[in-house]
Structure formats: C-alpha cells, structure tokens
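Beneath this line is the structure, given in structure tokens, with notes to follow.
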Amino acid sequence: MDIIFDERHSRHAGRVELGAGELVPCFEKPERAEFVLAAVRSAGLGAIEPPEAYGPEPLKRVHSEPYLDFLRTAWQEWKALVGDVDALPSTWPVPGFSDRVPTSIFARLGYYCFDVATPITEGTWEAATAAADCTLTALAKIRAGARGAFALVRPPGHHAARDLYGGYCYLNNAAIAAQHFVDETRERVAILDVDYHHGNGTQSIFYDRGDVLFTSLHGDPNQEFPFYLGHAEERGAGAGKGTNRNFPMPWGTPVETWFEALEEACRAIEDFAPGIVIVSLGVDTFKGDPISQFLLESDDYTRLGERIARLGRPTLFVLEGGYAVEEIGVNVANVLGGFDASA
Ligand code: 6XA
Ligand code: ZN
C-alpha cells in the first residue's frame, strides 16, 4: 500500500472551536496525523512518500474560483483587522437576506462557512492544498497500477462543498480525486464514506451526477452533525437519481447493524461497477471517540478493510475524521492492514 504524507499538514493548527456553548480546543489537531503516521509505519504497511504538486486546476474542477480565492486570502485580511486569533464566523446570510456576495471579511466568513468549528489560521491554505496534492498523488499511484493507496491527510475534506466549508474541512480531497479520475479516464467512481459524520460536501458536489456513486454510513442527521443533510430519502437528482445512498443510524447503533449497512452500501457499489473506489476513511465511529456515538472497536476496522478489499476494485483511502488520538492510528492501520491482507 503506497502512503502519501506531507508534513505541511501541521501548518494548520486551529486553536479553538465553539462546542456546546463554549470555546474548546480544536479536536482536529496535528497530533492526529502524527499518530496515524506512527501506526502505519510500525505496521509496515508500505513506503511513505511526499506528494507531487498539482496546482490549482484540479481544485477548480470541484470548488468555485471565488471560494478558492477566499480561502487563500482570508487569513491575511482577518489578521490585519482582528489580529493573530483564529478566524471564525459569527453571522450568517440565512434565507431572507440578500444573496449578493458580501465584501466584509466578517460577512464572507459566514457566507462560505456553515459552523463555528472550522477556524482559518495562518497555515490553513498551505495545509489544505498539501492535503489535496497528497490525495491526487495517491490517486496517481493507483492509476500507475497499485491496488490500494492511502492519502494520510489533514485537514479532512468530506464536509466541504463547491463553495462551502465547515466540519473541520476546507477542500474536499476525496471529491477532488474523484473528479480528477473521471477527467482522466471517463470511468465511473464509487465513494464509500465510512466516517461517523455524513459527507454532506461530497454528496452535494456529485448529487446530480450519474457517473459518481456516493454511499455514506453515518450518525442520523436528526441527532448528529452536520444535521441539515444525510437523510435516507436523499437519493440523487437528474442524471444522478439513484446514485446517492445514505445509511443514517442512531446514537449507540450496535456494531452488527453498522456492518449490515456496510454490506448494503457495498452491494450498491458492486452493482455500480466503478473503475475505482474512494474511501472517505474516518475512524470516529470508534467507541472511544470523544465527539461521536458509535461503538466500533479496533478489531472491527480490520473487518472493514477486508470487506472493502472484497469489492475487488482499485481503492484510494483518504483520511477524514477520528479524534481518539491514541487509537486513531491503530484503527486506520487496521483498515489498511485488513485490505492488504485480503489480496
Ligand atoms: C463540529 C463537529 C465536526 C465533525 C467533524 C467530523 N461540532 N467530520 O469529524 O467527519
Ligand atoms: Zn467525522
């Protein structure tokens, strides 16, 4: 398994997010990637390499240019006005307000961001673009014949839509890779999102696309972030009707029920016969995760990797969430090890 990693991830280090009524230290922190790196290294899963630079073009195929310009420049503008504290929005253009793009940095933060958990810091743009480059480089390994590759990245991506960030995500790494694969091959892509949270960004990017199947297992949006998307009846639109499959599950869902949903998602992927499977690999389904309510244990991740291997498709794994920092490494390494062992 080829593993692509870039130390520039650590340039993104948010200080605070708004939890339930109070500012708390960010859960999405650099140590996460360090624990995953140590675990994949000690499991001897494969060579760990830095990314190639792909430039802005693959990003523009998924995100709008005004949005990318905003992400690239927001920190400087914020810092000049406010100082060296995390840039967070505090006001939003909810329905009823004008839909013109606002000019103030305070207003543009709320225009492009949907929560108060996703700070922009000095190194956010650098880290986010490095993560996209890692994911595209891992994809290139698969295009060159590898059966599996892992983009060991942060910040994560699956909540980021065409011109919207939130949920600790800025650039949608999995979507950028999926679009790049379609652009290069004209083949179909299946995305399997096993992160605890619904991948609202990925869903919305491909919602009307018949060539990209999005499947997601996640906490029921009636109870869980991101709340406003991820219901079972969201099945796609237009040419994409039927190519969006959500499997929401309540807090405390038994592990066996989770694996039954995985089986259904896998059957949908098998029917779709994609040229590649992209796994949005969050391990915040772990029973010890501090912000999540599912019950998977470390051994369950091996079983997950084995089931993904049985799809029999070239597979790109992209790191998403997982906040039990001590265990996140082992859990990720178990998925990849289960996949590798089931050749
Ligand atoms: C914000 C919760 C963000 C969840 C981020 C995540 N209160 N997404 O792990 O997969
Ligand atoms: Zn998550």
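Each residue in segment 127-160 was checked for being free of Cβ contacts under 8 Å to residues at least 60 places away in the same chain and among the aliphatic types (A, V, I, L, M), and 1 pass.
Within segment 186-202, the set of residues being away from ligand 2 (no atom under 15 Å from the Cβ) and assigned to a loop (DSSP other than H, G, I, E, B) comprises 186, 187, 188. When residue 154 is tested against (1) farther than 28 Å from residue 292 by Cα; (2) outside any helix (DSSP H, G or I), exactly one condition is not met: (1). Just so you know, in segment 137-151 the residues that are touching a helix residue (DSSP H, G or I) at 6+ places or on another chain (Cβ under 8 Å) and either open to solvent by less than 10 Å² (accessible area, probe 1.4 Å) or not in a helix (DSSP H, G or I) (or both) include one that is farthest from residue 40 (Cα to Cα), and it is 139.
Could you tell me which residue of segment 286-302 is nearest to residue 220 (Cα to Cα), considering only residues that are of a type in the set (A, V, I, L, M) and either open to solvent by less than 10 Å² (accessible area, probe 1.4 Å) or within 17 Å of the chain's Cα centre (by Cα) (or both)? Break it down into steps so the answer makes sense when it comes.
From segment 286-302, those of a type in the set (A, V, I, L, M) are 291, 295-296; that's our starting set.
Cutting the leftovers down to either open to solvent by less than 10 Å² (accessible area, probe 1.4 Å) or within 17 Å of the chain's Cα centre (by Cα) (or both) gives us 291, 296.
On the way: 291: 14, 296: 16 Å.
Across segment 286-302, the extreme among qualifying residues is 291.
When you scan segment 205-222, do you find a residue that is among the hydroxyl-bearing types (Ser, Thr, Tyr) and within 12 Å of ligand 1 (Cβ to nearest atom), even just one?
Filtering segment 205-222 for residues among the hydroxyl-bearing types (Ser, Thr, Tyr) gives 207, 215-216.
Those left that are additionally within 12 Å of ligand 1 (Cβ to nearest atom): 216.
Scanning segment 205-222 turns up at least one residue that is among the hydroxyl-bearing types (Ser, Thr, Tyr) and within 12 Å of ligand 1 (Cβ to nearest atom).
The set of residues in segment 17-34 that are buried (at least 18 other Cβ atoms within 10 Å of the Cβ) and aliphatic (A, V, I, L, M) contains only 33. Scanning segment 156-171 for residues being of a type outside the set (Phe, Trp, Tyr) and within 12 Å of ligand 1 (Cβ to nearest atom) gives a total of 8. Cβ separations smaller than 7 Å between residues 6+ apart or across chains give the following pairs from segment 46-65 residues that are farther than 14 Å from residue 133 by Cα and open to solvent by less than 60 Å² (accessible area, probe 1.4 Å) to residues that are assigned to a strand (DSSP E or B) and of a type in the set (D, E, K, R): 46/2; 47/2. Is it the case that segment 170-179 has a residue that's assigned to a loop (DSSP other than H, G, I, E, B) and not aliphatic (A, V, I, L, M)? Yes, some residue in segment 170-179 is assigned to a loop (DSSP other than H, G, I, E, B) and not aliphatic (A, V, I, L, M).
Here's the yes/no breakdown for (1) touching a Gly at 6+ places or on another chain (Cβ under 7 Å); (2) over 22 Å from residue 153 (Cα atoms); (3) of a type in the set (S, T, N, Q); (4) modelled with pLDDT of 95 or more:
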residue: 71; (1), (2), (3), (4): no, no, no, yes
residue: 82; (1), (2), (3), (4): no, yes, no, yes
residue: 85; (1), (2), (3), (4): no, yes, no, yes
residue: 92; (1), (2), (3), (4): yes, yes, no, yes
residue: 97; (1), (2), (3), (4): no, yes, no, yes
residue: 102; (1), (2), (3), (4): no, yes, no, yes
residue: 120; (1), (2), (3), (4): no, no, no, yes
residue: 124; (1), (2), (3), (4): no, no, yes, yes
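Look through 240, 305 and report the one residue that is open to solvent by less than 10 Å² (accessible area, probe 1.4 Å) and more than 20 Å from the chain's Cα centre (by Cα). Before the answer, list the steps.
Working: 305 fails: more than 20 Å from the chain's Cα centre (by Cα).
Within the list 240, 305, the selection yields 240.
Would you check which residues across segment 249-269 are open to solvent by 50 Å² or more (accessible area, probe 1.4 Å), closer than 23 Å to residue 210 by Cα and in contact with a strand residue (DSSP E or B) (Cβ under 9 Å, 6 or more places away or on another chain) and list them? The answer is 264, and nothing else. Does residue 205 satisfy the condition of being part of a helix (DSSP H, G or I), more than 16 Å from ligand 2 (Cβ to nearest atom) and closer than 20 Å to residue 115 by Cβ? Against the criterion (part of a helix (DSSP H, G or I), more than 16 Å from ligand 2 (Cβ to nearest atom) and closer than 20 Å to residue 115 by Cβ), residue 205 qualifies. Could you please let me know if residue 185 is within 21 Å of residue 284 (Cα to Cα) and either of a type outside the set (Asp, Glu) or buried (at least 24 other Cβ atoms within 10 Å of the Cβ) (or both)? No: the conditions fail for residue 185. Here segment 262-306 is the region considered, the condition is being within 17 Å of residue 337 (Cβ to Cβ) and among the hydrophobic types (A, V, I, L, M, F, W, C), and the residue that is nearest to ligand 2 (Cβ to nearest atom) is 283. If you go through segment 197-220 and keep only what is in contact with a His (Cβ under 6 Å, 6 or more places away or on another chain) and over 25 Å from residue 182 (Cα atoms), you end up with 197, 218.
Checking every residue in segment 221-230 against the condition of being among the small types (Gly, Ala, Ser), closer than 26 Å to residue 179 by Cα and outside any loop (DSSP other than H, G, I, E, B) gives zero matches.
Of the listed requirements (1) outside any helix (DSSP H, G or I); (2) under 20 Å from the mean Cα position of the chain (by Cα); (3) of a type in the set (Gly, Ala, Ser), residue 33 misses just one: (1).
Would you confirm, using the coordinates I've provided, whether residue 317 is more than 16 Å from residue 154 (Cβ to Cβ) and at pLDDT 95 or above? Spell out the reasoning first.
Numbers: more than 16 Å from residue 154 (Cβ to Cβ): no; at pLDDT 95 or above: yes.
In short, no.
The values are calculated or read from the model by the stated rules, or taken from the named source; none is laboratory data. Given the structure is predicted, the values throughout are model-derived calculations rather than measurements. Here Cβ is always computed from backbone atoms with ideal geometry, including for glycine, and neighbour counts include all displayed protein chains. When the accessible area is computed, the model is the full protein with side chains, heavy atoms only, and any ligands, DNA or RNA have been set aside. Shrake-Rupley method; radii C 1.70, N 1.55, O 1.52, S 1.80 Å.
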